[in-house]
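Structure record follows, encoded as structure tokens.
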Amino acid sequence: MNWPDYRLIDCGGQEKLERFGSYILRRPEPQAIWAKQAEPKIWDTYDALFTRHGQDKPGGWAFKKKPVEPWWISYNELKIKLQCTSFGHVGIFPEQKENWELLHKSLAKLDKPKLLNLFAYTGVASLVARKANADVYHVDAVSSMIAWAKSNMDASKLNDIRWVTEDAFKFVSREVNRNKEYEVIILDPPAYGRGPKGEKWQLEDQLDDFIKKCAVLLQKKGKLI
């Protein structure tokens, strides 16, 4: 991965060790079920360690060198704010880089397409799309994530992303009823979540219906979902 501000140092044993700018973070990664490749002394070079304590207790951070928060990294001239959250995230999922590259390549062939980004989190995909001159609608149920995404937009010297703080399923259902259409739709739903008014999202129960609604929203000449 050619990305100066980020490096996956090692992963395995259901953990990952990553460098984000000046800081090295060690965090759980349940899908990394293989053995670690790096020496134990490499794994001990972390600045911040996140551990999970079980279903009834939240996880927590332990610091050898506490990051000065927030700190910022760059991706293709975009500025992304990072901080250690209480649930172990930092504001970016680097493994989405291939999707951002596909998105940028696809949008480059289109003339200011209307794009819907659902479960949009801190908005890196929204920034990639806006930089490619898409008309971006950014939807997330959590107001603090919308604020975080706005700060990323401002730092990246972009503008005119349309912010929607709403439950994604409810928003999509209403857009279908309004006969709205989008040329590109992005969705990265969590396994479980709550909307701003307590709406419940359960991936295995709602994904099929959600995809059908998105298919209705995609223009007949739509290019990507």
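The values are calculated or read from the model by the stated rules, or taken from the named source; none is laboratory data. Quick caveat: nothing in here was measured; it's all calculated off a predicted structure. Backbone-built Cβ (ideal geometry, glycine too); neighbour counts: all protein chains shown. Note: areas computed on protein heavy atoms with side chains; ligands, DNA, RNA excluded. Shrake-Rupley method; radii C 1.70, N 1.55, O 1.52, S 1.80 Å.
Filter the cross-link list LYS105/LYS212; LYS64/LYS157; LYS66/LYS213; LYS131/LYS212; LYS66/LYS114; LYS36/LYS212 down to pairs whose alpha-carbon distance in this structure exceeds 32 Å. If you can, show how the numbers build up before the last one.
Details: LYS105/LYS212 25 Å; LYS64/LYS157 34 Å; LYS66/LYS213 44 Å; LYS131/LYS212 29 Å; LYS66/LYS114 41 Å; LYS36/LYS212 40 Å.
With Cα atoms farther than 32 Å apart: LYS64/LYS157; LYS66/LYS213; LYS66/LYS114; LYS36/LYS212.
Place the peptides 116-122, 10-16 in order of packing, highest mean first, counting for every residue the other Cβ atoms within 10 Å and averaging per peptide.
116-122, 10-16
What do you get for the angle between helix 203-217 and the principal long axis of the chain? Use alpha-carbon atoms, 0 to 90 degrees, nearest ten.
Orientation of helix 203-217: about 40 degrees from the principal axis.
Using the scaling law 2.2 N^0.38 Å as the reference, what is the normalised Cα Rg of the stretch 105-195?
1.04
Restricting attention to the stretch 163-224, which chymotrypsin sites (Phe, Trp or Tyr not before Pro) occupy a DSSP loop and are surrounded by at most 12 other Cβ atoms within 10 Å?
Answer in residue order: no site qualifies.
With a 1.4 Å probe and every protein chain kept in, tell me what percent of the accessible surface of the chain is carbon plus sulfur.
Answer for the chain is 50 percent, counting heavy atoms of protein chains only.
How much area per residue is accessible in the stretch 1-48 when the probe is 1.4 Å and only protein heavy atoms are counted (Å²)?
That works out to 58 Å² per residue.
Sort VAL216, VAL164 by heavy-atom solvent-accessible area, probe 1.4 angstrom, most to least. Could the numbers behind the result be given before it?
Values: VAL216 90, VAL164 25 Å².
Result, largest first: VAL216, VAL164.
Give me the base-10 log of I(q)/I(0) for the stretch 38-185 at each q in 0.08, 0.17, 0.18, 0.21 Å⁻¹, Debye formula, one uniform scatterer per Cα, rounded to two decimals.
Result of the Debye calculation: -0.28, -1.02, -1.10, -1.32.
For the chain, give the share of DSSP beta bridges that are antiparallel, in percent and rounded to the nearest 5; count only bridges with both residues there. Before the final figure, lay out each step's value.
Details: 24 of 41 bridges.
Taking every DSSP beta bridge with both residues in the chain, the antiparallel ones total about 60 percent.
Using only Cα atoms, figure out Rg for the stretch 5-113 and give it as a multiple of 2.2 N^0.38 Å.
Rounded to two decimals, the normalised Rg is 1.22.
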